[in-house]
Each structure stands twice: as C-alpha cells, then as structure tokens.
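Participant: Please read through the structure below; I'll follow up with questions.
The values are calculated or read from the model by the stated rules, or taken from the named source; none is laboratory data. Nothing here was measured: the structure is a model prediction, and the numbers come from that model. Positions of Cβ are generated from backbone atoms using ideal geometry, with glycine treated the same way; all protein chains shown enter the neighbour counts. When the accessible area is computed, the model is the full protein with side chains, heavy atoms only, and any ligands, DNA or RNA have been set aside. Shrake-Rupley method; radii C 1.70, N 1.55, O 1.52, S 1.80 Å.
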Amino acid sequence: MGEQPIFSTRAHVFQIDPNTKKNWVPTSKHAVTVSYFYDSTRNVYRIISLDGSKAIINSTITPNMTFTKTSQKFGQWADSRANTVYGLGFSSEHHLSKVTELECVSSQANAVHTHKSELNQTIQELEEALKEKEEEIERLKQEIDNARELQEQRDSLTQKLQEVEIRNKDLEGQLSDLEQRLEKSQNEQEAFRNNLKTLLEILDGKIFELTELRDNLAKLLECS
C-alpha cells in the first residue's frame, strides 16, 4: 500500500539557528499541518509538514532519534540527515503527548525492525557458516574414506610383498640346491675325466707294449 498518513495535527514549526545552535527560527508564519506517515513496505515512519508547496519538515524517524518534550506544548528532535533540529509548538499538551507517543512507538518499531534485520543477517551468516561446516565435514569424511581405502591398499600390498619375499626365499633355497647339485655334477665330471685320462694312459701303455711284442715276434720269425 506504500506510505499512508496515520496522524495529523497542527503546530508551529521551528528550526534551530544554524549559526548560534541555540535560538529557534520559525519556518512558518502560522500553524501548519504536521503529519505522521508510515510506509508499511519499508517499515519506515516520516514526519512531513508543508507550508503551501514548500516542505518545511521531511524527517525520517530512525531508532536513535528522540523526541524531547521541553515544555507542556513544545517538543524537539534532532535530524542528523537534515543536519538540523526541529521544534514543534502545539496549541495543547494533548497534541504534544500524541506526537510524543507516536515518536516513541515509531522509534521502537524502527529499533525492532533494525534488530530483526540484524537477527536475519546473523541467522543468514550462521546458516552459511553451518553450510560451510557441513561441506567441510563431508570433505573430511571423504578424506577419511580415501585414507581407509589407501590403508587397505597398503595392507594388501604389504601382504603381497610378504608373499613375494617368502617366494623369493623359496626360490633362493631352490637356487642354492641347484648350485650345489651343479657343483657336485661338475666335480663328478672332473673326476670322470681324470679317471678316463688315466685309463687312456694305461691303454696307451698297453698298446705300446703290444706293439713292441708284435715287433719282437716278427723279428723272431724272420730269424727262424
């Protein structure tokens, strides 16, 4: 619905003298309408007053604003955005009290809105932090699973390595046995060659003796 008026009254409007910061300067020659507006879309309150077509008050109520009652019919508030202090002079204390109540309500509403915004921001930050933590936990779980898988692979490789070492020892034993058998075979072959050589030498001697015997027999036959 946008901005809607919620209260209107008439009052004399003043602004603090920007030079002295003490004296009040009237911004209207007579009492003018001062209206309280509420913007439900933005949850914002404003005090607006027109003198003809000229806006002599256009003040947005903020949580740190305070409407101070300085007498039975006069109240004031500082507007840091407009860099001034406004004063309102009313015809009765009742009107001043009504504005004071509205200012208190709007300030509280603005404070609640600000606090709610801060809470929403905090909740959003906490939700984002929680999401980051959940993602971090998932990453850690994945790293743990990967570490477990690597450990299982390591254990499997260690077992295979042990099996290979045992197999190597068996092969080393078989190789040592073959080497011993080969050495024994070589020794036996060497002994056989030596025995064969001795036998050949004996046979050569016998053949020589037979040859001499044959030659001697031939000579005897010739002589006879």
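Participant: Would you please name the residue that is farthest from VAL99 (Cα to Cα), looking only at residues in the stretch 49-73 that are among the β-branched types (Val, Ile, Thr) and open to solvent by 70 Å² or more (accessible area, probe 1.4 Å)?
Facilitator: Within the stretch 49-73, the subset among the β-branched types (Val, Ile, Thr) is 56-57, 60-62, 66, 68, 70.
Narrowing the set further to residues that are open to solvent by 70 Å² or more (accessible area, probe 1.4 Å) leaves 66, 70.
On the way: THR66: 12, THR70: 13 Å.
Top of the filtered list is THR70.
Participant: Further question on the same structure: What strands (runs of 3 or more DSSP E) completely inside the stretch 40-88 contain at least 3 residues that are under 52 Å from the mean Cα position of the chain (by Cα) and polar (S, T, N, Q)? Lay out the reasoning, then the answer.
Facilitator: Numbers: elements: 44-51, 54-60, 74-79.
Fully inside the stretch 40-88 and qualifying: 54-60.
Participant: Let me ask something else about it. Taking the condition of being of a type in the set (Gly, Ala, Ser) and either in contact (Cβ under 8 Å) with a residue 60 or more places away in the chain or touching a helix residue (DSSP H, G or I) at 6+ places or on another chain (Cβ under 8 Å) (or both), how many residues in the stretch 72-102 meet it? Spell out the reasoning first.
Facilitator: At the first step, the residues of the stretch 72-102 found to be of a type in the set (Gly, Ala, Ser) are 75, 78, 80, 82, 87, 89, 91-92, 97.
If we keep only those that are either in contact (Cβ under 8 Å) with a residue 60 or more places away in the chain or touching a helix residue (DSSP H, G or I) at 6+ places or on another chain (Cβ under 8 Å) (or both) too, we end up with 75, 87, 89, 91.
Residues that pass the stated criteria total 4.
So that you can scan it fast, the table gives a plain yes or no per residue for (1) open to solvent by less than 50 Å² (accessible area, probe 1.4 Å); (2) within 14 Å of PHE90 (Cβ to Cβ):
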position: GLN4; (1), (2): no, no
position: LYS22; (1), (2): no, no
position: SER28; (1), (2): yes, yes
position: ALA31; (1), (2): yes, yes
position: THR41; (1), (2): no, no
position: TYR45; (1), (2): yes, no
